[in-house]
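The values are calculated or read from the model by the stated rules, or taken from the named source; none is laboratory data. Predicted, not measured: the structure shown is a model, and the values here were computed from it. Cβ placement follows ideal geometry from the backbone for every residue including glycine, while neighbour counts extend to all protein chains displayed.
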Amino acid sequence: MTTLTAPAPRKLELKNFKADVAPDWCPGCGDFGVLNVLQKACAELEIQPHELLVVSGIGCSSNLPGFFRSYGVHSLHGRALAFATGAKLANHALTVIATGGDGDGYGIGLNHFIQAMRRNINLTYIVMNNEIYGLTTGQTSPTSEQGMTTKSTPNGNLEQMLNPLALALASGCGYVARGFSGDPKHLLKLYMDAIQYPGFALVDVFSPCVTFNKQNTYHWFRDRVYRLEDNGHDAGSFHGAMERAMEWGGKIPIGLFFRNPNPRPSLDKLDPALQDGPLVGKPSGLSAEQRRELVAEFM
Ligand SMILES: Cc1ncc(C[n+]2csc(CCOP(=O)(O)OP(=O)(O)O)c2C)c(N)n1
Ligand code: SF4
Ligand SMILES: [Mg+2]
């Protein structure tokens with residue numbers, strides 16, 4: 001693993017967050033937009049790459065940290081938030097961004113999603129929601145629409161869609177937003193705001209899978225999405241947010257649904273063990289040799 005040394009702070013640009021490895025997503029995949037805009041947001045916020053950790057699970061979307069120049073973990077399917085929680089509590093000075101897909105976060109990882117919001121871990125969670133399992137070549141996910149024909153539901157999906165935004169609101173998430181990778185300027189604002197929010201922030205992003213989801217295409221989203229900001233929505237109102245989160249069909253809202261005007265303290269602000277600085281900065285009580293042995297056990 002390459003260790004990033006701390007360079008002197010400098011004005012950052014998108015290219016400073018580009019890794020040596022170029023994305024291998026299918027041409028036209030929505031995840032390209034998600035990645036580019038996220039790199040731009042980090043540059044605009046002047047987050048130094050060595051002060052940033054990007055964590056993911058498994059999926060096409062979860063390959064994102066490999067294309068991002070920062071610290072990164074490509075973890076296990078559904079476990080991005082578990083890893084991200086551990087990292088944030090070990091070093092709460094880091095900016096932590098967790099990323100992944102709808103299958104990863106809202107399927108196998110659903111319990112971690114709810115627990116991280118309930119605990120209010122101070123991180124940003126970006127879900128590339130293409131309403132399908134892309135990496136495994138097109139099976140139904142928890143956000144696939146009812147009736148949708150996929151490889152795993154050839155006669156149509158019988159199950160009701162999961163509503164991640166309503167679930168987030170009900171689980172105590174203080175920042176709930178939805179973007180569209182086909183509207184990068186709008187997405188940039190959401191990312192920047194979410195990263196600065198002092199607590200768990202969810203940005204669910206419609207990120208079309210052009211290869212395996214022939215139903216929820218760029219056209220399909222463009223015909224339906226409208227911006228909450230242009231429609232007088234009060235993002236300080238929990239009940240207003242819940243009402244908008246339930247909208248689906250001919251018109252689908254994107255934008256900021258809820259930003260808690262009185263954010264509750266995140267876990268790192270409450271835990272007494274973290275009040276005099278990050279755990280990683282404290283003496284471990286181990287000799288250099290003991291530390292080496294301990295690390296070797298995990299390698
Ligand atoms: C424990 C485990 N179960 C199943 C898989 C197979 N698997 C890999 S990615 C994936 C779903 C990916 O879907 P999503 O998270 O929506 O990401 P996308 O590829 O659509 O971006 C599955 C089921 C796995 N890698 N590990
Ligand atoms: S299979 Fe779908 S989600 Fe995966 S890279 Fe291709 S377009 Fe993107
Ligand atoms: Mg998916």
Condition first: in contact with a Ser or Thr (Cβ under 9 Å, 6 or more places away or on another chain) and closer than 19 Å to SER181 by Cβ. Now tell me which residues in region 37-59 satisfy that.
VAL37, LEU38, CYS42, VAL54, SER56, GLY57, GLY59
What residue, of ARG259, ARG224, ARG244, ARG264, is buried (at least 20 other Cβ atoms within 10 Å of the Cβ) and of a type in the set (Lys, Arg)?
ARG244
Inspect all residues belonging to region 80-99 and state whether any of them is free of Cβ contacts under 8 Å to residues at least 24 places away in the same chain, touching a Leu at 6+ places or on another chain (Cβ under 8 Å) and more than 16 Å from ligand 3 (Cβ to nearest atom).
no
Every residue from region 44-78 that is within 16 Å of ligand 3 (Cβ to nearest atom) and buried (at least 20 other Cβ atoms within 10 Å of the Cβ):
SER56, GLY57, ILE58, GLY59, CYS60, SER61, SER62, ASN63, LEU64, GLY78
Out of everything in region 126-163 that is in contact (Cβ under 8 Å) with a residue 60 or more places away in the chain, of a type outside the set (A, V, I, L, M) and not in a loop (DSSP other than H, G, I, E, B), what residue ends up being nearest to LEU267 (Cα to Cα)?
ASN129
Can LEU190 be described as closer than 30 Å to ASP271 by Cα, out of contact with any Leu (no Cβ under 8 Å at 6 or more places or on another chain) and hydrophobic (A, V, I, L, M, F, W, C)?
no
Given the structure, is GLY72 away from ligand 2 (no atom under 16 Å from the Cβ) and outside any loop (DSSP other than H, G, I, E, B)?
yes
Does region 267-283 hold any residues that are among the acidic types (Asp, Glu) and surrounded by fewer than 10 Cβ atoms within 10 Å (Cβ to Cβ), and which are they?
ASP276
Of (1) closer than 30 Å to GLU46 by Cβ; (2) more than 13 Å from ligand 2 (Cβ to nearest atom); (3) not polar (S, T, N, Q), GLY100 satisfies every one except (2)
With more than 13 Å from ligand 1 (Cβ to nearest atom), closer than 29 Å to TYR218 by Cβ and either outside any loop (DSSP other than H, G, I, E, B) or at pLDDT 95 or above (or both) as the only criterion, which of ALA43, ALA98, ALA93 stands out?
ALA43
Here are SER266, SER284: which of them is among the hydroxyl-bearing types (Ser, Thr, Tyr) and in contact (Cβ under 8 Å) with a residue 60 or more places away in the chain?
SER266
Name the pairs whose Cβ atoms lie under 7 Å apart, with the first residue in region 210-222 and away from ligand 3 (no atom under 14 Å from the Cβ), the second part of a loop (DSSP other than H, G, I, E, B), and 6 or more positions between them or separate chains?
THR217/PRO208; TYR218/GLY182; TYR218/PRO208; PHE221/GLY182; PHE221/PRO208; ARG222/GLY182
If a residue has to be within 13 Å of ligand 1 (Cβ to nearest atom) and either among the small types (Gly, Ala, Ser) or modelled with pLDDT under 95 (or both) to count, how many in region 46-75 make the cut?
6
